[in-house]
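The structure's right below; bear with me while I get my questions together.
The values are calculated or read from the model by the stated rules, or taken from the named source; none is laboratory data. What you are looking at is a predicted structure, and each value in this text was computed from that prediction instead of being measured. So basically every Cβ, Gly included, is an ideal-geometry build from the backbone, and we count neighbours across all protein chains shown. Side chains included, ligands, DNA and RNA excluded: accessible areas come from the protein's heavy atoms. Shrake-Rupley method; radii C 1.70, N 1.55, O 1.52, S 1.80 Å.
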Amino acid sequence: MASLRFLGAARTVTGSKYLLESGGRRLLVDCGLFQGLKELRLRNWEPLPVPADSLSSVVLTHAHVDHTGYLPRLVAQGFVGRVFCTAATADLCRIVLPDAGRLAEEDAREANRHGYTRHKPALPLFTETDAIRALSQLQPFGYERAAPVLPGVEAEFVNAGHLLGSGFVVLTIEGPPPVRVVFSGDLGRYDRPILPDPSILKSADVLLLESTYGDRLHEADDQGEHLAVIVRETAQRGGKVIVPAFAIGRVEEVIYWLRKLEERHAIPVLPVYLDSPMAVEALQEYSARSYELDVDVRPGHGEVSAFCTRRFRLVSSTQQSMEVACTKTPAIVISSSGMATGGRVLFHLAAGLPDARNTVLFTGYQAAGTRGRDLVEGAREVKIHGKMVPVAARIEQLHSMSAHADQTEIVRWLSNFERPPRITYLVHGEPGPMDALRDLIRSRMNWTVETPDYLQTVAL
Ligand SMILES: [Zn+2]
């Protein structure tokens, strides 16, 4: 008898972790960090309900930290098994996880320096070394070919269209009768540039479905028009457009649209600076794996990469970053982090916010408590590197670049199923969107849907 336990992303959007027990062995699908509210983040420090060394393997849906970032911690606690994922997920993990380790070490140093810790000294959740050890356990295999991940359990990845390398995980547990368990991971969107549409799945006995935007519809695609207006107006004022962007996934989309707009002569050809070491590395992965992406981003004749504009510059050193921050001529600067919580974008904001000619353009969701949220809510000054910086620049936000399916897109994907799964568990959503989606699927499709709680166990 197999069972499934919800160790994360249960009535919340982070910490994705699902424990499968079958034939006396244990497997974890996704191994994400909890992020955001403190009560959630504290869960990263609690011991797992089962010892890490009792797990035989891990399977990852995609490389985002809320699905992979706990892996170094798991390894530090004694997990020695293999971590199955797609090849692109493995490559992106090589960028994401060591960075997460460096950040965790930095957090611990900060806590010690400012004394805001009950533990003396504060220790990092995990270290860069733990992250590098975790990487050595990655075991990539291709899409749509089943491979054994536990005795009696096979896994297959099917493209989810959410991020380079992202996949639904289809687990088949040996019978009789065999049980087919589908984990949606994060579900991508339809008719978007860069990534393919989410693949069609036709059956599952048990489905775990994400519900981030279960109660919402994304704004209609405007073919970059809003972005074009912002760039044109800022250039006319003689200012810069500063774009805080999530380093993996979002940066590619911003560059894609700038290139399209240049080609259509909808914006002037300006220098475009990409100032984020992690984004530069991720961009190389996207360029190297363009055959996994939408046809329209495969490089044309004589091009090296589709992800560049006419005057595209990669910023490497911190010194160069500060020089770009000080320039006063029209330009576009794309830099991380996406919610302006850290990273090099802070140099650009510190130098650029006081100048009314500039625009700061946020491209994604801004969580409560971040500088990004303060700015989009109209803060007149923000603290950066210990100094108050007045805000005179225009603040804009684009909502159209989400990488998660909205309510209509989720239902569209479900409509491919030839018969309802025996049961569907909604995961990866806040209670509001999750409950709305549950009610909709029950009433419109007549499926059996549940919204399990943190640490709940169900039989398969
Ligand atoms: Zn994701």
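Looking only at strands (runs of 3 or more DSSP E) that lie completely in the range 383-458, which have at least 1 residues being away from the ligand (no atom under 16 Å from the Cβ) and free of Cβ contacts under 8 Å to residues at least 24 places away in the same chain?
Where strands (runs of 3 or more DSSP E) fall fully within the range 383-458 and carry at least 1 residues being away from the ligand (no atom under 16 Å from the Cβ) and free of Cβ contacts under 8 Å to residues at least 24 places away in the same chain, they are 387-390.
Starting from the range 131-159, take each residue that is farther than 30 Å from residue 103 by Cβ and list its partners that are of a type in the set (Lys, Arg), counting only C-beta distances under 9 angstrom and pairs at least six apart or across chains.
Final answer for the pair search is 150/25; 150/26; 151/25; 152/25; 153/25; 156/145.
Residue 134 - would you say it is among the hydrophobic types (A, V, I, L, M, F, W, C), touching a helix residue (DSSP H, G or I) at 6+ places or on another chain (Cβ under 6 Å) and open to solvent by 20 Å² or more (accessible area, probe 1.4 Å)?
no
Would you check if there is a residue in the range 24-34 being of a type in the set (Gly, Ala, Ser), buried (at least 22 other Cβ atoms within 10 Å of the Cβ) and in contact with a strand residue (DSSP E or B) (Cβ under 8 Å, 6 or more places away or on another chain)?
no
Taking the criterion of being over 25 Å from residue 372 (Cβ atoms) and either out of contact with any His (no Cβ under 9 Å at 6 or more places or on another chain) or within 16 Å of the ligand (Cβ to nearest atom) (or both), would at least one residue in the range 327-339 satisfy it?
yes
Would you be able to tell me the number of residues in the range 355-382 that are touching a strand residue (DSSP E or B) at 6+ places or on another chain (Cβ under 9 Å), in contact (Cβ under 8 Å) with a residue 24 or more places away in the chain and either under 23 Å from residue 330 (Cα atoms) or open to solvent by less than 50 Å² (accessible area, probe 1.4 Å) (or both)?
Residues flagged as touching a strand residue (DSSP E or B) at 6+ places or on another chain (Cβ under 9 Å), in contact (Cβ under 8 Å) with a residue 24 or more places away in the chain and either under 23 Å from residue 330 (Cα atoms) or open to solvent by less than 50 Å² (accessible area, probe 1.4 Å) (or both) within the range 355-382 amount to 14.
Condition first: out of contact with any strand residue (DSSP E or B) (no Cβ under 9 Å at 6 or more places or on another chain) and within 16 Å of the ligand (Cβ to nearest atom). Now tell me which residues in the range 42-69 satisfy that.
Once the filter is applied, which keeps residues that are out of contact with any strand residue (DSSP E or B) (no Cβ under 9 Å at 6 or more places or on another chain) and within 16 Å of the ligand (Cβ to nearest atom), the range 42-69 yields 64, 65, 66, 67, 69.
Looking only at the range 248-261, which residues are away from the ligand (no atom under 16 Å from the Cβ) and open to solvent by less than 10 Å² (accessible area, probe 1.4 Å)?
Within the range 248-261, 254, 255, 258, 261 meet the criteria.
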